[in-house]
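The values are calculated or read from the model by the stated rules, or taken from the named source; none is laboratory data. Computed from a predicted model, the values in this text were never measured in an experiment. Neighbour counts are summed over all protein chains in view; Cβ atoms, including those assigned to glycine, are modelled from backbone coordinates with ideal geometry.
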Amino acid sequence: MRALCAIALALLAGACLAPAKEVDAYFPVVPAVRIDPASLTPKGDALPVGPDHFRTAGGWTVLGWSLEGRPIHCLLLGHGPEFIVVVGTVHGDEPAGGPLLRRLAAHLEARPELLKGKQIALVPVANPDGLAHGVRLNARGRDINRNFPSNNWLPGERRGPAALSEPETRALFHLLSARRPQRIVTVHQPMVGINWDGPGKALAGRVAATARLPMLPMRERRGSIGSYAGRDRNIPVITFELPQAAATMRPGRLWARYGRALLLSVSWPSPGSNPGLRPRASKR
Ligand SMILES: [Zn+2]
């Protein structure tokens, strides 16, 4: 019953906040709604909406719940066949992703032509408990980005006792399972550069040039979204690693500095999609 009340309250909050004019007021740090963590079984935190929702519906939805009962919000924009997932603040002490993604949402809402042929799912804050406490991990010290069921996953203190043991990871996993994304974009800090997993290197190069950041090859990370989606499922994963200083930049400055590159990362056509928008082949 408490869980049901919490869901109703959060949905109500989402409905009230969605039309807000000031984009940075969308879901700042959401107060905990005091769900009993013991009730967060894999079934208990299942999506309040089914996979079909992600093919047809738009607007804000609740993907799932953090350990401390904060909703993990997702904004669905567009209705096209190409599905792109953008995730920010997987690590709670990397706060720049939230405001940057909210600016991206506002830009895309104002320029619907950019959504032609696409559906874009934006999750500005994937780790709301970590953000509220200013820490990398979730409320029981697990790394959400080491808890995905990749082939290289192994149990560990930060990786958890089982893949998908953490409700925040499950919320993202539900989203990635609802529709196969053509691309995933994530925003992290504080290493400086553009990283990629899977077949994302060419796009990463263009994004890096646009962002005026270096390419940032990284070793494989067990249980990361890059290992699970990029390496195992062959989905291009582009990761922005913004500098630490981005944490204190105002949203307008963040968008002015990184918005163009972020926009490119979602608007660049995937192979086989939006043929009318694909870049012209160079003449020999
Ligand atoms: Zn990170």
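Got at least one residue in the stretch 130-140 being farther than 22 Å from Leu254 by Cβ, surrounded by fewer than 23 Cβ atoms within 10 Å (Cβ to Cβ), within 14 Å of the ligand (Cβ to nearest atom) and free of Cβ contacts under 8 Å to residues at least 60 places away in the same chain? Yes, the stretch 130-140 contains at least one residue that is farther than 22 Å from Leu254 by Cβ, surrounded by fewer than 23 Cβ atoms within 10 Å (Cβ to Cβ), within 14 Å of the ligand (Cβ to nearest atom) and free of Cβ contacts under 8 Å to residues at least 60 places away in the same chain. One residue alone among Gly230, Gly130, Gly200, Gly156 is closer than 16 Å to His91 by Cα and small (Gly, Ala, Ser), and that residue is Gly130.
Looking across Leu242, Leu264, one residue alone is within 19 Å of Arg111 (Cα to Cα) and in contact with a helix residue (DSSP H, G or I) (Cβ under 9 Å, 6 or more places away or on another chain). It is Leu264. Selection of the stretch 209-227 for residues being on the phi < 0 side of the Ramachandran plot, within 14 Å of the ligand (Cβ to nearest atom), modelled with pLDDT of 95 or more and in a loop (DSSP other than H, G, I, E, B) yields only Ser224. The residues in the stretch 68-98 that are closer than 18 Å to Thr186 by Cβ, outside any strand (DSSP E or B) and either among the polar types (S, T, N, Q) or away from the ligand (no atom under 16 Å from the Cβ) (or both) can be counted, and the count is 1.
Condition check ((1) among the polar types (S, T, N, Q); (2) farther than 15 Å from Val85 by Cα; (3) surrounded by 14 or more Cβ atoms within 10 Å (Cβ to Cβ); (4) within 16 Å of the ligand (Cβ to nearest atom)) across all residues:
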site	(1), (2), (3), (4)
Gln182	yes, no, yes, no
Thr186	yes, no, yes, yes
Val207	no, yes, yes, no
Ala229	no, no, yes, yes
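Cβ-Cβ distances below 8 Å connect the following pairs, each with a first residue in the stretch 201-226 that is more than 17 Å from Arg257 (Cα to Cα), a second residue that is of a type in the set (Ser, Thr, Tyr) and in a helix (DSSP H, G or I), and a separation of six or more residues or different chains: Leu203/Ser265; Glu220/Ser227; Arg221/Ser227. Contact list please: Cβ distance under 9 Å, first residue in the stretch 144-158 and within 11 Å of Gly226 (Cβ to Cβ) and of a type in the set (Ser, Thr, Tyr), second residue at pLDDT 95 or above and within 16 Å of the ligand (Cβ to nearest atom), pairs at least six apart or on different chains. From residues that are within 11 Å of Gly226 (Cβ to Cβ) and of a type in the set (Ser, Thr, Tyr), the pairs are Ser150/Arg222; Ser150/Gly223; Ser150/Ser224; Ser150/Ile225; Ser150/Gly226; Ser150/Ser227; Ser150/Tyr228; Ser150/Ala229. Report whether or not Arg253 is touching a residue at least 60 places away in the same chain (Cβ under 8 Å) and within 23 Å of Val125 (Cβ to Cβ). Judged against the criteria, Arg253 is not a match. Here Ala106 meets the list (1) assigned to a helix (DSSP H, G or I); (2) small (Gly, Ala, Ser); (3) buried (at least 24 other Cβ atoms within 10 Å of the Cβ) almost entirely, failing just condition (3). For Glu94, are the conditions met, namely being surrounded by fewer than 21 Cβ atoms within 10 Å (Cβ to Cβ) and modelled with pLDDT of 90 or more? For Glu94, the condition - surrounded by fewer than 21 Cβ atoms within 10 Å (Cβ to Cβ) and modelled with pLDDT of 90 or more - is not met.
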